[in-house]
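> Got a structure here, written out as C-alpha cells. Questions coming.
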Amino acid sequence: MAITHLLPALTAFQAGPSENLWTIAIGVGVAMLAIVAGLVFLVRRAFRSTREAQDAPLMAKTPGTENPSAFMTASMQGVIQKLREQEKELERLHKLEKERAELTERLSEEVTRNMPAGLLVVNATGIISSANPAAEQTLGIRGLGFRRFSEALDEKSELTRLVGECLATGKIFRREEVTHTPPFGEPRRLGVTISPIRKGEGQITGAICLLSDLTQLAALQQQVQLKDNLAALGELSAGIAHEFKNALATISGYAQMIQAEAAVGEVADCAGKILEQAHSITHVVTEFLKYARPLEISNETVQLGATVERVVSEVSEAHPRVRLRQEGHFGCVAGDEGLLRQALLNLARNAAEACTAAPNGGRVLLRGELQASDPGVAQRITVFDNGPGIAPGALRKLFRPFFTTKADGTGLGLAVVQKIIVQHGGQVQAHNRPEGGAAFIITLPASREASEAVESK
C-alpha cells in the first residue's frame, strides 16, 4: 500500500522536481501514518486475543445472570462447600471436647482409685454405683459395685442405718464412728462421713460415703486409757491391798493358835474354816497386788519358741485329757520372759479348762506368725480352743478386773494378761470362732532381728 502511494510522487518528481516537492512530502507523511495505524491495529488485536483466552475459564466457572439455572447451581454448590467446611470445624471441636472430657474422667478415676479414704456412691434406688479399692479394703468386702448397700453392708449394721437415713431424709453425718464386722474377719472401728447428692435444690439422687479405718487408732487410745487407769488403780489400791494382807496374816496367826490349843471339837473346826477363808482371801489380795503393782519389765530378747514349748508342756501335764500343740513361726520379742510366759500360761490354761468337756476331746492350738504392721513387724500369737466359746454378754467384759465366769475364779487372770501385754507395747483381743470355740490373739512388736528376717524374704 505504501509503494502504490509513492509511485505517483516519483513520476511527478521525474517530471519536475521543484514543482512537486510538497506533493512528495505529503505522500510520504500519509504513507508513514498508514504504517503506524496498521501496527497499532495488529498490536491491539493480539492483546485482545490473549485477554479473551485468559478470561474464558472464569466465564465458564461463573455463569452470568443471563443463565438462571447455572447461577443457582453454582450458588448451591458454594453454600454446600461452606457447610462442609463448618461441619469439619464442628467435628474438630467435638473431638477436642471429647478428648478433654475423657482426660477429665481418667483423672477423676485415678484420683478416686488412689485416694487413701474409702469412697462409696449409692444411687437413689440403694444400689452402689461406685466404690474405690480403699472402700473395699476398709470394709473387707470385694465386689461392692452394683450391689444393694443393705445387702453388701449387712441390713442390721450401723453403717447401713446411716446410709439409709441419709437417702431418706437428706441428713448429713459428719465424723461418725461405727463398728463394722466384715464377712470374714474381726470387727473394725470406722470413721464415716455421709452426705446426700441432690439434683438442684430438691430431689435426692444418691449419697456419698467417705470411710476411714480407725481400728488401730481406737486400739491405741484404749491402750493409753488402760495405762492411765492401771496407774491410777495401782496407786490407790496397792496400799489398801497391803493393809488387807497384813490384817489377814494376823487373823491367820490367831486362827492357827486357836486350832493348836483346841486339837479336836467344834472350836478346832471353826478355826480351820477361818484359816481356809483367810488363805483364799490372801490369794485374791496377792493376785490383786500383781495386777495393781507397776511392773518392772526387763529389756531382754525373748525366744518365744522356747517359751511356748514350756507353756505347752506344763499345761499338758496339768490337763492330760486335752491335746495341746503349737504351729507356725515364733520369733523374738523384747521384754520380760517370765511375765510373757505367765500371760501365755494363763491363756493356755483357760483354753484347756474351757474345752475339757468337749465331745470329741479338748484341743488347744498355739499358732505363731509374723505380720506387717505400722510401723515395723509384729509377732502374733493366737490361742485356739474347741470349747463352747464366750457368751456374747461376757465378751466385752473379759479383761475387766474381778469379772469372771468361773465359780472359783478371782476375775484377775485375764486382767493381768492384758496388763502384761500392754506393758510390752502390744494388745490382746478375744472373739468367738465361726466353727466353734474361742480365740485369744496376742500382738507384740517383734524385735529388730525378726523384722530384718521378714524384710529379707
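> Going by the alpha-carbon gyration tensor, a ≥ b ≥ c the square roots of its eigenvalues, is region 340-446 rounded (a/c under 1.5) or, if a/c is not under 1.5, prolate (a/b greater than b/c) versus oblate?
It is oblate, given that a/c is not under 1.5 and a/b is not larger than b/c.
> Which peptide among 34-42, 320-328 comes first, and what is the full order, when sorted by highest mean count of other Cβ atoms within 10 Å?
Those peptides, ordered most packed to least, come out 320-328, 34-42.
> While we're here: Would you please put 96-106, 249-259 in order of how densely packed they are, using the mean number of other Cβ atoms within 10 angstrom per residue and starting with the highest?
Packing order, densest peptide first, comes out as 249-259, 96-106.
> If you count, for each residue, the other Cβ atoms within 10 Å and average over each peptide, how do 171-181, 428-438 line up from highest to lowest?
Descending mean neighbour count gives 428-438, 171-181.
> Go ahead and run the numbers for FRET between Ile240 and Leu220, Cβ-Cβ distance against an R0 of 25 Å, rounding to 0.05.
Computed FRET efficiency for Ile240 and Leu220 comes out at 0.25.
> Indicate the gyration tensor shape class of region 90-132 (rounded, prolate or oblate), computed on the Cα atoms with a ≥ b ≥ c the square roots of the eigenvalues: a/c under 1.5 is rounded; otherwise a/b larger than b/c is prolate and the rest oblate.
In terms of gyration-tensor shape, oblate.
> Okay, next question. Gain in length, Glu97 to Val267, computed as 0.36 nm per residue apart minus the alpha-carbon separation, to one decimal in nm?
The Glu97-Val267 span can extend by a further 50.8 nm.
> So, one more: Which pairs in the list Lys171/Lys199; Lys156/Lys199; Lys227/Lys406; Lys227/Lys397 are over 20 Å apart, alpha-carbon to alpha-carbon?
Long pairs (Cα-Cα over 20 Å): Lys156/Lys199; Lys227/Lys406.
> According to the square roots a ≥ b ≥ c of the eigenvalues of the Cα gyration tensor, what is the shape class of region 58-193, taking rounded for a/c under 1.5, prolate for a/b larger than b/c otherwise, and oblate for the remainder?
The shape class here is prolate.
Readers should treat all values here as calculations from the given coordinates under stated rules, not as data from a laboratory. All values derive from a computational prediction rather than experimental measurement. Here the Cβ is made from the backbone with ideal geometry for all residues, glycine too, and neighbour counts use every protein chain on show.
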